[in-house]
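Asker: One structure, pasted below without further comment.
The values are calculated or read from the model by the stated rules, or taken from the named source; none is laboratory data. Model, not experiment: these values are computed from the prediction. Cβ placement follows ideal geometry from the backbone for every residue including glycine, while neighbour counts extend to all protein chains displayed.
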Amino acid sequence: MSEVFDTTASKSEVYYPSQEVVDNIAHPDYMELRENARRRPLDFWEEQARKLVDWYEPFTQVLDDGNRPFFKWYTGGKINIVHNALDRHIKSWRKNKLALIWEAEDGEQRTYSYFKLWREVNRFANILKSMGVKRGDTVTIYMGRVPELPIAMMATAKIGAIHSVVYGGFSEQALADRIEDAQSKVVVTCDGAWLRGKTVNLKDIVDEAIHRSPVVQRVIVLKRTGQDINMVADRDFWWHELAALPIAGPYCDTEPMDAEDPLFILYTSGTTGKPKGLIHTVGGYQVFIAATLQYAFDIKEEDRYWCAADPGWITGHSYIVYAPLILGMTSFMYEGAPGYPYPDRWWSLAEKYSINILYTAPTAIRGLMRFGDAWPSRHDLSSLRILGTVGEPINPEAWRWYYTVIGKERCPIIDTWWQTETGGFMITPTPLIPLKPGSATLPFPGIDADVVREDGSSCESNEDGYLVIKQPWPGMARTIWGDPHRYVQTYWSDFEKQGWYFSGDSARKDEDGYFWVIGRMDDVIKVSGYRLGTAEVESALVSHRTVAEAACIGVPDELRGHVIHAFCILTAGVNGDAALVDELKNHVRHEVGPIAVPAAIEFVDSLPKTRSGKIMRRLLKAKVMGQPVGDTSTLEG
Ligand code: PRX
């Protein structure tokens, strides 16, 4: 560790691993790996690919960089992620090990052994086949947080089709756009989802989305809430009715895929209104997520692991569904929201299921912290060994609370910086790395991250700059679905000459080489850790008859990290009153989803624009925050 910690002069707060952590570490070779990976990254990625996953046919080349930035990993290899996540465990002693424990909001509990999960996946894979889904087709999945969501994902992957999971918190237009872009003929959904004791009418939203995007031919509906829904004859089918038919047999062959075949599309927000469908491929992705989870969370066979994200986001894809199963772990999944129906629901679950590793987001930590220490203190949380965080910078106050009150100063906080685009952790400590609250610490082995200036030169210590990745890695998104040009433009054009990936984040490195991520440099806002493009919210606002023009900015918020503040120019003659504010909020909730609803809507007569017509959000932000406006020389007349 001396390479990192020679600077004893560092004034920042440092937390060294406890003796308990050092004595119980499962992967003590991490620092050696880091060093080896630094010298020979491709050897490191080759070794991980051989060690962590099985191949039907071995790869012939680790990295093909002949067509930059369209890198290919493990070319020539044949593999399927479901073979590694499920099939191979069925042939081992893990067959009867618990793969998944699930608890519903109302306390109902379900468990899945590896065998049971495998069989359910096979059945659903056969159902998908009977619906005409073939290798290379896309299937859109829009569900609540139920075990059938990972089952549907893996069934899709098993037969070589491509899943596109749309987070259940998105509404009509967002879902319609994603269905349309992916051209999914089949949608898998639920009648409804439970959220804080109420039901969300998912099927109604699907019906409306199909109305807007008529490409869909078949809808498979899981009965979850039992509410009344509309079923369209010959288009909509109940999951349980299909599962009772002979077509849903318990065996289904797994399709051997090329390492570079697409595994899934996951939409994420960017600078324009149109969401980007990022493509992750079968081979490199699974190697990367398994390696990162194994080392960063120091995984042990007996662990009970709880990633509290939603499977509909990348965190869920990588670290609820695929990586834990590849590593043969036992995961816990909870249907509901933190703090519902009572403030210590999470802590009672951690105690009840004897959770060893908890992985969540700063916004959840801050929310639970607000209830006070008495709630977690009622519970025996001594099973916890590792605590993780992701999604946005964690403020030191929340970090310290998580470390002290939840982890009792025994559990390292693994602050993982990564993105939908990166597939898995990029900058993260492991339990042996000394920690500083608010820093994601150091790049994972084999990851060449840096903070640079606009001209590409490396920043000095503590100088803010662009967070870039200088070498490719196996888990990187390969392209944007149907729009390779946008992929190059978005991620590879800022440092085109150097051939580096630009994350869109600003960061600084301190004198110990630790990374401190500051936040987004583009028009992306992180609200409660959810990623939203200002343009998505703006286009929802202008789709309302009263709004002529709109601009949104992110304003810091103690609980949610950032909230959205919207400025609207109304069409002539419309009165901007409180009732209209409510109506517009409702409209955004309807079009995009509850996470996109602005905290404030302000009616204005004009918006500051550059001479080329670009809205200067920087000025709007300065105004809201009462800061100096800075350089306005490009401002319109
Ligand atoms: O700004 C960074 C922030 O979240 C962005 C990526 O968002 P998304 O694609 O939704 O993925 C979230 C889950 C991986 C990043 O560009 N971010 C994510 N993790 C951290 C973070 N910012 C600071 N610290 C983190 N640990």
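Asker: Quick one: in region 142-163, of everything that is assigned to a helix (DSSP H, G or I) and not hydrophobic (A, V, I, L, M, F, W, C), which residue is surrounded by the fewest Cβ atoms within 10 Å (Cβ to Cβ)?
Answerer: The extreme case among them is 148.
Asker: While we're here: Checking the condition among the small types (Gly, Ala, Ser) and in contact with a helix residue (DSSP H, G or I) (Cβ under 6 Å, 6 or more places away or on another chain), which residue from 579, 600, 622, 596 passes?
Answerer: 596
Asker: What number of residues within region 218-252 satisfy the criterion of being β-branched (Val, Ile, Thr) and loosely packed, with under 12 Cβ neighbours inside 10 Å?
Answerer: Summing the residues that are β-branched (Val, Ile, Thr) and loosely packed, with under 12 Cβ neighbours inside 10 Å in region 218-252 gives 1.
Asker: Among the candidates 336, 391, 372, which residue alone is part of a loop (DSSP other than H, G, I, E, B), touching a helix residue (DSSP H, G or I) at 6+ places or on another chain (Cβ under 9 Å) and more than 16 Å from the ligand (Cβ to nearest atom)?
Answerer: The match here is 336.
Asker: Which numbered condition in (1) closer than 23 Å to residue 532 by Cβ; (2) touching a helix residue (DSSP H, G or I) at 6+ places or on another chain (Cβ under 8 Å); (3) in a loop (DSSP other than H, G, I, E, B); (4) not hydroxyl-bearing (Ser, Thr, Tyr) is the only one that residue 473 fails?
Answerer: Here residue 473 meets the rest and fails (1).
Asker: Hey, among the residues in region 375-388 that are in a helix (DSSP H, G or I) and farther than 27 Å from residue 329 by Cα, which one's nearest to the ligand (Cβ to nearest atom)?
Answerer: Top of the filtered list is 375.
Asker: Turning to a different aspect of this structure: Please work out which one of (1) surrounded by fewer than 21 Cβ atoms within 10 Å (Cβ to Cβ); (2) closer than 26 Å to residue 315 by Cα is the condition residue 497 fails and give its number.
Answerer: (2)
Asker: All but one of (1) in contact with a helix residue (DSSP H, G or I) (Cβ under 8 Å, 6 or more places away or on another chain); (2) within 20 Å of residue 629 (Cβ to Cβ); (3) part of a strand (DSSP E or B) hold for residue 607, so report the exception by its number.
Answerer: (3)
Asker: Can you pull out every residue in region 253-268 that is within 16 Å of the ligand (Cβ to nearest atom) and crowded, with 21+ Cβ neighbours inside 10 Å?
Answerer: Answer for region 253-268, where residues must be within 16 Å of the ligand (Cβ to nearest atom) and crowded, with 21+ Cβ neighbours inside 10 Å: 264, 265, 266, 267.
Asker: Would you check if there is a residue in region 484-497 being touching a helix residue (DSSP H, G or I) at 6+ places or on another chain (Cβ under 9 Å) and more than 14 Å from the ligand (Cβ to nearest atom)?
Answerer: Yes, the conditions are met somewhere in region 484-497.
Asker: Every residue in region 453-471 that is surrounded by fewer than 24 Cβ atoms within 10 Å (Cβ to Cβ) and within 16 Å of the ligand (Cβ to nearest atom), please.
Answerer: Across region 453-471, the qualifying residues are 464, 465, 466, 468, 469.
Asker: Scan 437, 429 and give me the residue that is of a type outside the set (Lys, Arg) and buried (at least 22 other Cβ atoms within 10 Å of the Cβ).
Answerer: 429 is the lone residue from the list that is of a type outside the set (Lys, Arg) and buried (at least 22 other Cβ atoms within 10 Å of the Cβ).
Asker: Could you give every pair whose Cβ atoms fall below 8 Å, whose first residue belongs to region 424-446 and is without any contact (Cβ under 8 Å) to a residue 12 or more places away in the chain, and whose second residue is within 14 Å of the ligand (Cβ to nearest atom) and small (Gly, Ala, Ser), counting only separations of at least 6 or pairs across chains?
Answerer: Within 8 Å, no pair qualifies.
Asker: Listed residues 207, 253; which is assigned to a helix (DSSP H, G or I) and free of Cβ contacts under 8 Å to residues at least 60 places away in the same chain?
Answerer: Step by step, each of 207, 253 is checked, and only 207 is assigned to a helix (DSSP H, G or I) and free of Cβ contacts under 8 Å to residues at least 60 places away in the same chain.
Asker: Hey, can you tell me all the residues within region 502-536 that are outside any strand (DSSP E or B), touching an Asp or Glu at 6+ places or on another chain (Cβ under 9 Å) and of a type outside the set (Asp, Glu)?
Answerer: 513, 521, 528, 529, 534, 535
Asker: Now for a different question. May I ask you to say which residue of 139, 166, 200 is without any contact (Cβ under 8 Å) to a residue 60 or more places away in the chain, among the β-branched types (Val, Ile, Thr) and surrounded by 24 or more Cβ atoms within 10 Å (Cβ to Cβ)?
Answerer: From the options 139, 166, 200, the qualifying one is 139.
Asker: Take region 508-534 and flag every residue that is more than 7 Å from the ligand (Cβ to nearest atom), β-branched (Val, Ile, Thr) and either under 16 Å from the mean Cα position of the chain (by Cα) or surrounded by fewer than 22 Cβ atoms within 10 Å (Cβ to Cβ) (or both).
Answerer: Passing the criteria: 518, 524, 525, 527.
Asker: While we're here: Counting only residues that are surrounded by fewer than 18 Cβ atoms within 10 Å (Cβ to Cβ) and of a type in the set (Asp, Glu), which one in region 394-422 is nearest to the ligand (Cβ to nearest atom)?
Answerer: Residue satisfying both the conditions and the ranking: 397.
Asker: Something else now. Can you tell me how many residues within region 79-91 are farther than 11 Å from residue 260 by Cβ and in contact (Cβ under 8 Å) with a residue 60 or more places away in the chain?
Answerer: Residues meeting the conditions: 9.
Asker: While we're on this one: Mind listing whichever residues of region 164-189 are part of a helix (DSSP H, G or I) and either at pLDDT below 95 or out of contact with any helix residue (DSSP H, G or I) (no Cβ under 7 Å at 6 or more places or on another chain) (or both)?
Answerer: 172, 173, 174, 177, 178, 180, 181, 182 - these are the residues of region 164-189 that are part of a helix (DSSP H, G or I) and either at pLDDT below 95 or out of contact with any helix residue (DSSP H, G or I) (no Cβ under 7 Å at 6 or more places or on another chain) (or both).
Asker: Filter region 349-369 for residues that are away from the ligand (no atom under 13 Å from the Cβ) and touching a Leu at 6+ places or on another chain (Cβ under 8 Å); which is nearest to residue 308 (Cα to Cα)?
Answerer: In this case the residue turns out to be 358.
Asker: Please work out if residue 133 is under 21 Å from the mean Cα position of the chain (by Cα), among the β-branched types (Val, Ile, Thr) and either farther than 18 Å from residue 312 by Cα or surrounded by 19 or more Cβ atoms within 10 Å (Cβ to Cβ) (or both).
Answerer: So residue 133 does not fit the description; no.
Asker: Quick one: in region 485-501, which of the residues that are assigned to a loop (DSSP other than H, G, I, E, B) and free of Cβ contacts under 8 Å to residues at least 24 places away in the same chain is nearest to the chain's Cα centre (by Cα)?
Answerer: Looking at residues that are assigned to a loop (DSSP other than H, G, I, E, B) and free of Cβ contacts under 8 Å to residues at least 24 places away in the same chain, I get 493.
Asker: What are the pairs, 6+ residues apart or on separate chains, where a residue within region 24-37 that is modelled with pLDDT under 90 has its Cβ under 7 Å from a residue that is part of a loop (DSSP other than H, G, I, E, B) and surrounded by fewer than 16 Cβ atoms within 10 Å (Cβ to Cβ)?
Answerer: The qualifying pairs are 31/1.
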